Amino acid sequence: MAQLIANEDFTSIQKAQAGLTKVFKKAEKNGKFVRVMRNNKPVGVLVPNRVWESFLEDLEAMSSENYLKRIAKSRVDKVRYSSAQVKKMLGIA
């Protein structure tokens, strides 16, 4: 999974106002969100629906009680695995 910050583009508020549909189409095509700037200061973010749905899915997973319990358990678990062991477990070794 790519880092979220790597999926960011920038545009001026004037360009966004002049061609909002074009900005969204480009963002959707590239899988990026667009930070809208006015005088080189951020004023908002345009997020394509596909990116937004993925973001919501991640937020929902992270707010799951079961997920949070599993994270807490794994943090206290003393078992550590090497990358070779993980690859073997995943069948990619």
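Any read-out appearing in this document is the output of simple, stated calculations on the displayed coordinates, not a laboratory observation. Just so it is clear, the model here is predicted, and its values are computed rather than measured.
So the values come out like this:
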| item | result |
| --- | --- |
| Rounded to 10°, Cα long-axis angle of helix 20-30 versus longest principal axis of the chain | 30 |
| Rounded tilt (10° steps) of 65-76 against the dominant C-alpha axis of the chain | 60 |
| Computed over the range 4-90, Cα set: Rg, Dmax in Å | 19.3, 56 |
| The chain, relative contact order in percent, only Cα pairs under 8 angstrom and at least six apart counted | 19 |
| Stretchable slack from Ile71 to Phe24, in nm (0.36 nm times residue separation minus alpha-carbon distance) | 13.4 nm |
| Share, in percent, of DSSP beta bridges within the range 4-90 that are antiparallel, nearest 5 | 50 |
